[in-house]
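The values are calculated or read from the model by the stated rules, or taken from the named source; none is laboratory data. Source: prediction; values computed, not measured. Glycine also receives a Cβ, built like all others from the backbone with ideal geometry; neighbour counts cover every protein chain displayed.
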Amino acid sequence: MIQELDARTKIIIVLVLSTWAIFFRNIQILLLVLLVSICISIFLKCDLKGVMYKTKKLFKIMIIIALVQSIFTKEGQAIFIINGFPILTYEGLVKTVEFILRVAIIVVSASIVVTSNYREIVQGLVQWKVPYEIAFMVSVAIRFMPIFSQELKDVVTAIQLRGIEIKKIPLGKKIKVYSYLFMPIVSSVIIKTKELSMAMEMKAFGAYPQRTSYMVIQMKKIDYIVISISVLCLLSSIFLYLI
Amino acid sequence: MEKVFALKNVKFHYKDSKRISRIFEDISFDIFSDEITALIGENGSGKTTVTKLMMGIIKPLQGNIYVFGRNIKEMSLGQIGKKVGYLFQNPERQLFATSVYEELSFVMEIKGYDKKYIDKEVSQTLKLLNLYHLKNDVPFFLSGGEKQRLALASILVNKPKYLVLDEPTTSLDIERKEILSNIIDKLRKEKIGTLIVSHDNQFIERHADRIIQLSKGEIVNDTRT
Ligand SMILES: Nc1ncnc2c1ncn2[C@@H]1O[C@H](COP(=O)(O)OP(=O)(O)OP(=O)(O)O)[C@@H](O)[C@H]1O
Ligand SMILES: [Mg+2]
């Protein structure tokens, strides 16, 4: 029963988790939040493995960016020194780990919403008086996520097929190679948005101010309980953190 | 004749969360390097899938695939790409750079080639494909046919030993098709063969030494012309 939570309840859970991920700057707490997200995602029978697998490449890139960032962080106690230059500082390392944990929390919690039917998400938000246009955009963003991770994979494949052995080239050049992921992804976003908006206009999206819907979704008792607990957790944790 | 590809008892299915689409149960064939082979078959017969298997983009469930005698299980995509140039059915997917010139130069730059050499090679290849006047343009804003030729140029500039072209003529006009034809002829004289996936009978007739016909994941015809 609890596996069939309302789409809105899932969105609230994700919002709470990602607020934590952004708010906290403490590795232990971030680790705890990650664990909680993983537990929830497993409990709700989300396709955690699939999401992890699909974002594997994204993670690699994130880790490289984070490492580079840490190399350029100069404040703090040096851990690793070459010729008197601090290459890796304690401060830099902490920031890197924090960053990676944050990304991980957001990815894991995203797996929670991806399992919802996008119709339910739109309908749920609309019933909460969220303007249809915004609800629709949210659902589109969620629906396109798996497509983008697939595309990212395709681009990495295509770059390698140009005869580049990613594993063998030095870090500096690796970053340059990864910078070439940007262009195809941006262009694909532009193309998709254009096509979608054209298709929507042709179907007279937004032509009438009032929309009717056959589907009405109902939150159950369990949804109210879960939402209350989530919000309570969020508020109390922030309160405890601030005092 | 040297074998470029050897497929031995390859089995492949696409799997997504909802269904399994069975493509190849057991397919075997060889492709030779110094001839032009055409791969034909109806929409959805598995032509693109088989080229992706050959390039190591997707992995067979059973069986083995060899590229120039080496099992692709032991090769990285980069190693395969150095030997065989692959033109995607949708060439948009293989353009990354912010200018036409850079599209051709960046691989050589990453490999650390000399600037003068890069400039010479890039200019020559762009001229060959009638793209030189666009060298400062953004690939994303090119027309379909220009994108297709640019993708081809970006493959040729790496000097592959063999080419796999998935529907290379779809967006080309008669004049540009002629340019492509001439390139295929010229490469062939240099003993660089091509696998052409196509529905374009005229184009196949002009080039193919051998025609392989796929239908529902099986070879139904394999003839030399
Ligand atoms: N990524 C995928 N996931 C699941 N099924 C797929 C995928 N790609 C292709 N298929 C299916 O595999 C079959 C073969 O597709 P393929 O693209 O190889 O055909 P094709 O011969 O190249 O067709 P066309 O002439 O249209 O290019 C089709 O039925 C298609 O629906
Ligand atoms: Mg195809």
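So the values come out like this:
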read-out	value
Residue that is nearest to the chain's Cα centre (by Cα), among those in the range B:195-225 that are within 16 Å of ligand 2 (Cβ to nearest atom) and of a type outside the set (A, V, I, L, M, F, W, C)	B:S198
Output for the range A:165-181, where each listed residue is in contact with a Phe, Trp or Tyr (Cβ under 9 Å, 6 or more places away or on another chain), without any contact (Cβ under 8 Å) to a residue 40 or more places away in the chain and assigned to a loop (DSSP other than H, G, I, E, B)	A:Y180
Any hit, the range A:33-53, residues being acidic (D, E), in a loop (DSSP other than H, G, I, E, B) and surrounded by fewer than 16 Cβ atoms within 10 Å (Cβ to Cβ)	yes
Test: residue in the range B:12-30 that is in contact with a Ser or Thr (Cβ under 6 Å, 6 or more places away or on another chain) and assigned to a loop (DSSP other than H, G, I, E, B)	no
Options A:V138, A:V126: the member that is within 16 Å of the chain's Cα centre (by Cα), among the β-branched types (V, I, T) and away from chain B (no Cβ under 12 Å)	A:V138
Residue among B:I58, B:I118, B:I65, B:I80 that is free of Cβ contacts under 8 Å to residues at least 40 places away in the same chain and over 26 Å from B:I179 (Cβ atoms)	B:I80
B:R70, sole failed condition from (1) buried (at least 16 other Cβ atoms within 10 Å of the Cβ); (2) away from chain A (no Cβ under 12 Å)	(1)
Flag for B:S171 being under 21 Å from B:N43 (Cα atoms), out of contact with any Leu (no Cβ under 7 Å at 6 or more places or on another chain), at pLDDT below 90 and within 16 Å of ligand 2 (Cβ to nearest atom)	yes
Considering residues of the range B:73-88 that are closer than 22 Å to B:G46 by Cβ and either touching a Phe, Trp or Tyr at 6+ places or on another chain (Cβ under 7 Å) or not small (G, A, S) (or both) only, the residue nearest to the other protein chains (Cβ to nearest Cβ)	B:L77
Answer residue from the range B:52-67, given it is away from ligand 1 (no atom under 16 Å from the Cβ) and within 19 Å of B:G81 (Cα to Cα) and is farthest from the other protein chains (Cβ to nearest Cβ) among those	B:N64
Given (1) at the interface with chain A (Cβ under 9 Å from one of its Cβ atoms); (2) in contact (Cβ under 8 Å) with a residue 24 or more places away in the chain; (3) not β-branched (V, I, T), index of the condition B:P91 fails	(1)
Some residue of the range B:36-51 being within 14 Å of ligand 1 (Cβ to nearest atom), within 14 Å of chain A (Cβ to nearest Cβ), touching a Leu at 6+ places or on another chain (Cβ under 9 Å) and assigned to a loop (DSSP other than H, G, I, E, B)	no
Filter pass, B:F24 being closer than 29 Å to B:D200 by Cα, aromatic (F, W, Y), more than 14 Å from chain A (Cβ to nearest Cβ) and buried (at least 22 other Cβ atoms within 10 Å of the Cβ)	yes
Matching helices (runs of 4 or more DSSP H) fully within the range B:122-209 where at least 1 residues are without any contact (Cβ under 8 Å) to a residue 24 or more places away in the chain and crowded, with 20+ Cβ neighbours inside 10 Å	B:144-156
